[in-house]
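Reading through the structure tokens given below for one structure.
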Amino acid sequence: MQAPQSTVDPAEIAKFEAMAAEWWDPNGKFKPLHMLNPCRLDYITRQIAGQFARDLTSQHPFKGLRLLDIGCGGGLLSEPMARLGATVVGADAAEGNLPVARIHAEQSGLEIDYRHTTAEALAEAGEQFDVVLNMEVVEHVADPVSYLTATQLLLKPGGLEICSTLNRNPKSFAMAIIGAEVIMRWLPRGTHEWSKFITPDELFELLRKAGLKPVDRKGFVFNPITWNWSISERDLSVNYVTASVKPG
């Protein structure tokens, strides 16, 4: 299977480059990701530990694993993965994100290989990883199945891909667009396009077409009373996450 042509959508890249300086401001435009991050990390670490038989109570449980954070932004996931011992490559098609990520990693004493590149270019170069983190990216690309095919090519046999996105239904429109962009103003208007949201069944089918084997999916649920996120076995109505394995 050959690496597809780039699926980068220039308009989507421009949106995130315009917000790049605010990546590490917990009260800035990326406030929703800062709030969601502990929940995302809980799911990610458990899935990696289960796939590779790692003990999360050890000091560096992911030592020896090579991990790609595709669409890494300012490094909100790359940094904790590096702290857990993984060898991390953070890749982003939005070049403006990377100086922020590099400076913050340096200030944090972390070695992370940040690159201005795409999944397709990495696959073309023959890069291989044990884990690919593909978080909140697939709803922004021009061709999801081609993009997911590229991420599959980047995995070693038996490798793990974690992919999260937004469901497409009236509730997700109300919460992710009306709520987050219009009422709460957590994100600039137009950050998301509801028509690009993907249902869980659709994502599982896209992952299979890309050559991956979906093995798990969970919901990320926001509680407006306690003002926090939790992982749900049943509620995948807005934000959700999947785990897939590359056969072999």
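The values are calculated or read from the model by the stated rules, or taken from the named source; none is laboratory data. Fair warning: this is a prediction, and the values are worked out from it, not measured in the lab. FYI the Cβ positions are ideal-geometry reconstructions off the backbone, even for glycines, and counts take in every protein chain you see. Surface areas here come from the heavy atoms of the whole protein model, side chains and all, with no ligands, DNA or RNA. Shrake-Rupley method; radii C 1.70, N 1.55, O 1.52, S 1.80 Å.
Please enumerate the residues belonging to region 92-107 that are surrounded by fewer than 24 Cβ atoms within 10 Å (Cβ to Cβ) and closer than 23 Å to Ala123 by Cβ.
Ala94, Glu95, Leu98
Using the structure shown, decide if Gly73 is surrounded by 19 or more Cβ atoms within 10 Å (Cβ to Cβ), modelled with pLDDT under 95, closer than 22 Å to Asp143 by Cα and not hydroxyl-bearing (Ser, Thr, Tyr).
Spelling it out, Gly73 is indeed surrounded by 19 or more Cβ atoms within 10 Å (Cβ to Cβ), modelled with pLDDT under 95, closer than 22 Å to Asp143 by Cα and not hydroxyl-bearing (Ser, Thr, Tyr).
Name the pairs: first residue in region 115-127 and at negative phi, second residue open to solvent by less than 40 Å² (accessible area, probe 1.4 Å) and part of a helix (DSSP H, G or I), Cβ to Cβ under 6 Å, at least 6 apart or on different chains?
Once the first residue is at negative phi and sits in region 115-127, its partners that are open to solvent by less than 40 Å² (accessible area, probe 1.4 Å) and part of a helix (DSSP H, G or I) give His116/Leu98; Ala119/Ala150; Ala119/Thr151; Glu120/Ala150; Ala123/Ala150; Ala123/Leu153.
Return a yes/no flag: does region 111-122 have any residue that is basic (Lys, Arg), under 28 Å from Pro157 (Cβ atoms) and part of a loop (DSSP other than H, G, I, E, B).
Scanning region 111-122 turns up no residue that is basic (Lys, Arg), under 28 Å from Pro157 (Cβ atoms) and part of a loop (DSSP other than H, G, I, E, B).
Quick one: which of Val145, Val131, Val89 is closer than 30 Å to Lys209 by Cβ, at pLDDT 95 or above and surrounded by 24 or more Cβ atoms within 10 Å (Cβ to Cβ)?
Selected residue: Val131, the only one of Val145, Val131, Val89 that is closer than 30 Å to Lys209 by Cβ, at pLDDT 95 or above and surrounded by 24 or more Cβ atoms within 10 Å (Cβ to Cβ).
So which strands (runs of 3 or more DSSP E) are wholly in region 189-248 and hold at least 1 residues that are acidic (Asp, Glu)?
Result: 213-223.
For Ser6, which of the numbered conditions (1) hydroxyl-bearing (Ser, Thr, Tyr); (2) at pLDDT below 95; (3) within 15 Å of the chain's Cα centre (by Cα) fails to hold?
Exception for Ser6: condition (3).
Any residue in region 100-111 that is at pLDDT 90 or above sitting within a Cβ distance under 9 Å of a residue that is of a type in the set (Ser, Thr, Tyr)? List the pairs, counting only those 6 or more apart or interchain.
Ala101/Ser78; Ala101/Tyr114; Arg102/Tyr114; Ala105/Ser78; Ala105/Tyr114; Leu110/Ser78; Glu111/Thr87
Pick from region 196-237 the residues that are among the polar types (S, T, N, Q) and without any contact (Cβ under 8 Å) to a residue 24 or more places away in the chain: which of them is least open to solvent (accessible area, probe 1.4 Å)?
Ser232
Taking Glu161 and the conditions (1) among the charged types (D, E, K, R); (2) assigned to a helix (DSSP H, G or I); (3) modelled with pLDDT of 90 or more; (4) open to solvent by less than 20 Å² (accessible area, probe 1.4 Å), which numbered condition does it fall short on, given that it satisfies the others?
(2)
Go through region 46-64 and give me each residue that's closer than 21 Å to Val215 by Cβ, surrounded by fewer than 23 Cβ atoms within 10 Å (Cβ to Cβ) and not basic (Lys, Arg).
Scanning region 46-64 gives Gln47, Ala49, Gly50, Gln51, Phe52, Ala53, Asp55, Leu56, Pro61.
Which of the residues belonging to region 21-45 are aliphatic (A, V, I, L, M) and open to solvent by 50 Å² or more (accessible area, probe 1.4 Å)?
Selection gives Ala21 alone.
Under the condition of being open to solvent by less than 30 Å² (accessible area, probe 1.4 Å) and at pLDDT below 95, which residue from region 238-248 is farthest from the chain's Cα centre (by Cα)?
By that ranking, first place goes to Val238.
Can you name the condition, by its number, that Glu111 falls short on among (1) within 26 Å of Val238 (Cα to Cα); (2) over 18 Å from the mean Cα position of the chain (by Cα); (3) among the acidic types (Asp, Glu)?
(1)
Any residue in region 164-172 that is outside any helix (DSSP H, G or I) and closer than 18 Å to Gln47 by Cα?
Yes, that holds for at least one residue.
Considering only region 9-20, how many residues are of a type in the set (A, V, I, L, M, F, W, C), open to solvent by 50 Å² or more (accessible area, probe 1.4 Å) and either touching a strand residue (DSSP E or B) at 6+ places or on another chain (Cβ under 9 Å) or at pLDDT 65 or above (or both)?
2
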